[in-house]
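Following: one structure in structure tokens, then a few remarks.
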Amino acid sequence: MKELNICIAGLGNVGSSLIESIEKNNDYINRKSSNQINIIGISAKSKKKKRNIEISKYNWFDNPVDMTLLENCDVIVELIGNEKGISYELIESALKNNKHVVTGNKALIANHGNYLFNLAEYNSLALSFEAAVAGGIPIIKTIKNNISFNKIKKISGILNGTTNYILTKMEEDNLSFEDVLQIAKDKGFTSDHEADLDIEGFDAAHKLTILSTLCFGSDLNFKQNYIDGISNIKIEDISFAKNIGYKIKLVSESSIINGEIYNFTSPKLVSFNNPLANVGDALNAINLETDHLDNLFLEGQGAGGKPTTSSVLSDLYEISQNNNFNNLGFKTKDLIKYKKFNLENIINSYYLRIMTDDRSGVLSSITNHFTDSGISVEKILQLPDNSNLNAPIPIIITTHKIQREILNNVINKIEKLSFVKEKITVLPIHDN
Ligand code: HSE
């Protein structure tokens, strides 16, 4: 039997759950991998914080970087989650001191990964990050190992558990945004510190950046993302969308279009017929289209201590079984610096909510603007509010496919019309 000595930095939800799992399952881990996992060091911001685990059994380090100097340490598990700062210092020091690294830190990888992967490759070390994307779904190893010789055409999916939970509960239980957010925090899907990143779409975009590198061999470049979060989604849009056969989901997608990279995260209308529409609660799901597979759909728990621990454990297993690590599935020297695709050129269909006065001529004036620009309207609905006759009414329009630039020009013109009372809500319709 071999031993794998690990140090864990960060004892939040995932760190604590990892210790619990190792304590509970070490015999099983042993039987399956012929390895015993020893936790030889732990570190966190506060030693006193109340936790489910008994930390006094372990060797405590006030400064996690000191653990990278332990001669018998094989792996540093970084679960602190800072975009740079101490997390970066820890990983860099680990890789310079010949320690493998397992991390769940998507923000750090998406923003600063190129140098760290280079360092890991140079020193023949693992820098593993299954826990960084989609919680417990084994998407990293699926792309890297299982379909490694497939040419991927497109990856799309729901990559953030918290926002999916919020959108699901707003729709199903008619709860307010704030109430559901608090439940998501209580359930450990997000924290005060993470919540803004989740809601504004940044967390999903961090994960998408990593996936696009694995799929297309692009260098890690968070700046290539177009990002829109869910903070402007109104309960009305959720129910209007439902009326016409769609759910609203925060969808992330990546593909190479005409040699340029298109990384896009935005709330989108997803047809009831699309499996993504049925991905509820804090679940995540990812669809891959490749030259060999029309659709490979993976769904599972995308957030929370236990599911994310499952991914950390799978990285530890991989490290215990291998000597060669192809961390990104591409050699770092082969990564390509793609140009960012211009969003104005994207062709899609759209949902629009236009708040207008309820008077004659409004509909025809709006549709004339669409006709003049060659935009084909698919559906149009006028929804008067009988309880308040003076209130603006919503006109809901769905369009056929159109270039975004043309749509933006028409929207600018319509927003200037005197009977249009607020900024028009525009949401893309997901067509896969
Ligand atoms: N806050 C994240 C989410 C957790 O809600 O998906 C894992 O990244």
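Which of (1) under 26 Å from Phe272 (Cβ atoms); (2) in contact with a helix residue (DSSP H, G or I) (Cβ under 8 Å, 6 or more places away or on another chain); (3) among the aromatic types (Phe, Trp, Tyr) is the odd one out, the single condition Phe240 does not satisfy?
The one condition Phe240 does not meet is (2).
With the checklist (1) at pLDDT 95 or above; (2) closer than 30 Å to Glu3 by Cα; (3) within 16 Å of the ligand (Cβ to nearest atom); (4) surrounded by fewer than 22 Cβ atoms within 10 Å (Cβ to Cβ) in hand, flag the one item Phe330 doesn't pass.
With respect to (1) at pLDDT 95 or above; (2) closer than 30 Å to Glu3 by Cα; (3) within 16 Å of the ligand (Cβ to nearest atom); (4) surrounded by fewer than 22 Cβ atoms within 10 Å (Cβ to Cβ), Phe330 is out only on (3).
Output the residues belonging to the range 178-224 that are away from the ligand (no atom under 15 Å from the Cβ) and without any contact (Cβ under 8 Å) to a residue 24 or more places away in the chain.
Glu178, Asp179
Go through Lys32, Lys24, Lys47 for me and flag whichever is over 27 Å from the mean Cα position of the chain (by Cα) and either at pLDDT 95 or above or hydrophobic (A, V, I, L, M, F, W, C) (or both). Break it down into steps so the answer makes sense when it comes.
Details: Lys32 fails: either at pLDDT 95 or above or hydrophobic (A, V, I, L, M, F, W, C) (or both); Lys47 fails: either at pLDDT 95 or above or hydrophobic (A, V, I, L, M, F, W, C) (or both).
Only one candidate qualifies: Lys24.
Kindly indicate the residue of the range 240-259 that is among the small types (Gly, Ala, Ser) and surrounded by fewer than 22 Cβ atoms within 10 Å (Cβ to Cβ) and also farthest from Gly229 (Cα to Cα) among those meeting that condition. Before the answer, list the steps.
Applying the first criterion (among the small types (Gly, Ala, Ser)) to the range 240-259 yields 241, 245, 252, 254-255, 259.
Cutting the leftovers down to surrounded by fewer than 22 Cβ atoms within 10 Å (Cβ to Cβ) gives us 245, 255, 259.
On the way: Gly245: 22, Ser255: 20, Gly259: 27 Å.
Among them, the one singled out is Gly259.
Mind telling me which of the residues Ser266, Ser255 ends up being in contact (Cβ under 8 Å) with a residue 60 or more places away in the chain, more than 24 Å from Pro394 (Cα to Cα) and in a strand (DSSP E or B)? Break it down into steps so the answer makes sense when it comes.
Values: Ser266 fails: more than 24 Å from Pro394 (Cα to Cα).
Every option except Ser255 fails the conditions.
If a residue must be in contact with a Leu (Cβ under 8 Å, 6 or more places away or on another chain), of a type outside the set (Ser, Thr, Tyr) and free of Cβ contacts under 8 Å to residues at least 40 places away in the same chain, how many such residues does the range 35-88 contain?
Number satisfying all stated conditions: 11.
Got a sec? Which helices (runs of 4 or more DSSP H) wholly within the range 171-224 have at least 3 residues that are touching a helix residue (DSSP H, G or I) at 6+ places or on another chain (Cβ under 9 Å) and farther than 30 Å from Tyr338 by Cα?
Output list reads 177-186.
Out of the residues in the range 61-106 that are of a type in the set (Asp, Glu) and in a helix (DSSP H, G or I), which is surrounded by the most Cβ atoms within 10 Å (Cβ to Cβ)?
Across the range 61-106, the extreme among qualifying residues is Glu92.
Just checking, does the range 154-168 include any residue being over 22 Å from Ala107 (Cα atoms), within 16 Å of the ligand (Cβ to nearest atom) and either outside the structural domain of Asn287 (by TED's automatic domain parsing) or assigned to a helix (DSSP H, G or I) (or both)?
Yes.
Among the residues of the range 1-60, count how many are of a type in the set (S, T, N, Q) and in a strand (DSSP E or B).
5
From the list Ile210, Ile152, Ile139, which residue is crowded, with 18+ Cβ neighbours inside 10 Å, farther than 14 Å from Ala282 by Cα and touching a Ser or Thr at 6+ places or on another chain (Cβ under 6 Å)?
Ile152
Please determine whether any residue of the range 272-288 is in contact with a Cys (Cβ under 9 Å, 6 or more places away or on another chain) and touching a residue at least 24 places away in the same chain (Cβ under 8 Å).
Yes: one or more hits.
With the requirement that a residue be in a loop (DSSP other than H, G, I, E, B) and within 16 Å of the ligand (Cβ to nearest atom), what does the range 107-151 give you?
Applying the first criterion (in a loop (DSSP other than H, G, I, E, B)) to the range 107-151 yields 123-126, 129, 133-138, 147-151.
Hits for the range 107-151 are Phe129, Val133, Ala134, Gly135, Gly136, Ile137, Pro138.
Quick one: which of Glu299, Glu318 is touching a strand residue (DSSP E or B) at 6+ places or on another chain (Cβ under 6 Å), more than 12 Å from the ligand (Cβ to nearest atom) and farther than 15 Å from Ser21 by Cβ?
Testing whether each residue is touching a strand residue (DSSP E or B) at 6+ places or on another chain (Cβ under 6 Å), more than 12 Å from the ligand (Cβ to nearest atom) and farther than 15 Å from Ser21 by Cβ leaves just Glu299.
Give the number of residues within the range 302-315 that are within 13 Å of the ligand (Cβ to nearest atom), closer than 20 Å to Asn30 by Cβ and among the hydrophobic types (A, V, I, L, M, F, W, C).
Qualifying residue count, the range 302-315: 1.
The values are calculated or read from the model by the stated rules, or taken from the named source; none is laboratory data. None of the values given here were measured: they were computed from a predicted structure. For neighbour counting, all protein chains shown are included, and Cβ atoms are generated from backbone atoms with ideal geometry for every residue, glycine included.
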